[in-house]
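Data block below; observations after.
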Amino acid sequence: MSRGLVIAGCLSGEKDDAGVEALVGELSRAVGADVTVRARTGGRPVGATVPEALCELRAAGVGRALVVTTHLVDGRLTRLCAEAVRDAAPGFESLRLAPALLAGAGDRLVVASALDRALPARPGRVVALAGHRGRECAAAFDQLGRTLAGLGREDVVVGTPESLPGLLEERAEGEVLLAPLLMALGTHARRDVLADLAGRLRASGAFVTPWPHSLSELPAVRELVVAHALSTLE
C-alpha cells in the first residue's frame, strides 16, 4: 500500500527556497513517500489546506499517510492541523501527525546549538531572533533563549516582531543581527521581520544587519524534523 506525506505549515507556498527544497526532499526520502504534497495551516491563502491535501492523497489511493508540520511549537495552528488529521483518519489505514519542532528540552538544545554555530557571537553585537506571535510561541521563545544562554550565548534575544524592540532597549549593544526564527524565508520573514521590524529598529537608532535565511537551511534542524517524522512512524 502506498505511503503519502503532507508537509504542512509556513513553507507550503514557498518556491526557490534552498532550505525548503532540501527539507522536502530529505523528508520524502526518509519516510519512503510515494506521494508528497505541501499544505498550509494559516497565513496567506496559497496552496491547499491540510484537509484538501489529505483528500488529494485519498484520491491518489494512498492508504498510509504522515503529516509533518513546520511549526516550531504546539500552538493553535498545530491543534487545527491535529483536528484535520483526526477528521480524515477514517479514510486511511494509518494517518499520523508528527510533533512540532520544539517538542522537548532535547529539541531546544539541538536548535540552539545549530543557531549557535550559524550565528556566532561577536563583541558589541546582539543577535535578535524573531518568530511567530502567540502565547505558546512566547513561552517556547523564553525557553529557547534560556537554552542559548546555557550555551554561553547571553548575546541572543528571542521574541516576536512585536516584543523584540522592547527587549532590545535593555541591551547596550548598538549593532543588531536580525534573523527570522522561521522554517521558510517567505512573506512573514521578509516583510514582517527583515523589512518592517528592521525598519523600526533602525528608527530607534540601532545598526541592523539582516540575516536573510531560514531554520530549514540548517542541516541539524532538518535532521531533527526527519527524526520526529521517523519516530512517529515507529
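What tally of residues in region 64-92 results from selecting those that are part of a helix (DSSP H, G or I) and in contact (Cβ under 8 Å) with a residue 12 or more places away in the chain?
Taking region 64-92 first, the residues part of a helix (DSSP H, G or I) are 76-91.
Now narrow it down to the ones that are in contact (Cβ under 8 Å) with a residue 12 or more places away in the chain: 76-78, 80-82, 84-85, 87-88, 91.
Counting residues in region 64-92 that are part of a helix (DSSP H, G or I) and in contact (Cβ under 8 Å) with a residue 12 or more places away in the chain gives 11.
Give region 96-143 a look and list any residue that's in contact with a Cys (Cβ under 9 Å, 6 or more places away or on another chain) and outside any loop (DSSP other than H, G, I, E, B), or say none.
Residues of region 96-143 that are in contact with a Cys (Cβ under 9 Å, 6 or more places away or on another chain), as a first pass: 97, 131-132.
The answer is Leu97, and nothing else.
Residues checked against (1) in contact with a helix residue (DSSP H, G or I) (Cβ under 9 Å, 6 or more places away or on another chain); (2) of a type in the set (Val, Ile, Thr):
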| site | (1), (2) |
| --- | --- |
| Arg146 | yes, no |
| Leu151 | yes, no |
| Val156 | yes, yes |
| Thr160 | yes, yes |
| Glu169 | no, no |
| Leu178 | yes, no |
| Leu182 | yes, no |
| Thr187 | no, yes |
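Give region 104-128 a look and list any residue that's of a type in the set (Gly, Ala, Ser) and farther than 15 Å from Gly145 by Cα, or say none.
To start, the set of residues in region 104-128 that are of a type in the set (Gly, Ala, Ser) comprises 104-106, 112-114, 118, 121, 124, 128.
The answer is Ala118, Gly124.
Taking region 57-79 as the search range and keeping residues that are out of contact with any strand residue (DSSP E or B) (no Cβ under 6 Å at 6 or more places or on another chain) and open to solvent by 70 Å² or more (accessible area, probe 1.4 Å), which one is farthest from Leu181 (Cα to Cα)?
Ala59
Quickly run through region 192-225 and pick out the residues that are among the hydroxyl-bearing types (Ser, Thr, Tyr) and in contact with a helix residue (DSSP H, G or I) (Cβ under 7 Å, 6 or more places away or on another chain). Working first, answer last.
In the first step, residues of region 192-225 are kept if they are among the hydroxyl-bearing types (Ser, Thr, Tyr); the result is 204, 209, 214, 216.
Within region 192-225, Ser204, Ser214, Ser216 meet the criteria.
Please go through region 192-225 and pick out each residue that is in contact with a Lys or Arg (Cβ under 9 Å, 6 or more places away or on another chain), part of a helix (DSSP H, G or I) and buried (at least 18 other Cβ atoms within 10 Å of the Cβ).
Once the filter is applied, which keeps residues that are in contact with a Lys or Arg (Cβ under 9 Å, 6 or more places away or on another chain), part of a helix (DSSP H, G or I) and buried (at least 18 other Cβ atoms within 10 Å of the Cβ), region 192-225 yields Leu215, Ser216.
For region 163-183, give me each residue that is over 16 Å from Val73 (Cβ atoms) and either at pLDDT 90 or above or outside any loop (DSSP other than H, G, I, E, B) (or both). Break it down into steps so the answer makes sense when it comes.
Here is the first cut: in region 163-183, the ones over 16 Å from Val73 (Cβ atoms) are 164-179.
Result: Leu164, Pro165, Gly166, Leu167, Leu168, Glu169, Glu175, Val176, Leu177, Leu178, Ala179.
Could you tell me how many of the residues in region 120-155 are among the hydrophobic types (A, V, I, L, M, F, W, C) and surrounded by fewer than 20 Cβ atoms within 10 Å (Cβ to Cβ)?
So in region 120-155, the residues among the hydrophobic types (A, V, I, L, M, F, W, C) come out as 121, 126-130, 137-141, 144, 148-149, 151.
Still in the list and also surrounded by fewer than 20 Cβ atoms within 10 Å (Cβ to Cβ): 121, 138-139, 149, 151.
Qualifying residue count, region 120-155: 5.
Which one of the conditions (1) more than 15 Å from His132 (Cβ to Cβ); (2) at pLDDT 90 or above; (3) open to solvent by less than 40 Å² (accessible area, probe 1.4 Å) does Val158 fail to meet, given that it meets all the rest?
With (1) more than 15 Å from His132 (Cβ to Cβ); (2) at pLDDT 90 or above; (3) open to solvent by less than 40 Å² (accessible area, probe 1.4 Å) applied to Val158, the lone miss is (1).
Return yes when Ala189 is surrounded by fewer than 16 Cβ atoms within 10 Å (Cβ to Cβ) and out of contact with any Gly (no Cβ under 9 Å at 6 or more places or on another chain) and no when it is not. Can you show your working first?
Working: surrounded by fewer than 16 Cβ atoms within 10 Å (Cβ to Cβ): no; out of contact with any Gly (no Cβ under 9 Å at 6 or more places or on another chain): yes.
No.
Please work out if Glu154 is without any contact (Cβ under 8 Å) to a residue 24 or more places away in the chain, part of a loop (DSSP other than H, G, I, E, B) and farther than 21 Å from Ala220 by Cα. Walk me through it before giving the result.
Working: without any contact (Cβ under 8 Å) to a residue 24 or more places away in the chain: yes; part of a loop (DSSP other than H, G, I, E, B): yes; farther than 21 Å from Ala220 by Cα: yes.
Answer is yes for this residue.
The values are calculated or read from the model by the stated rules, or taken from the named source; none is laboratory data. Just so we're clear, the structure is a prediction, and the values are computed from it rather than from any experiment. With ideal geometry, Cβ positions are generated from the backbone for all residues, glycine too; neighbour counts draw on all protein chains shown. The protein model used for the area step is the full one, side chains on, heavy atoms only, and it has no ligands, DNA or RNA in it. Shrake-Rupley method; radii C 1.70, N 1.55, O 1.52, S 1.80 Å.
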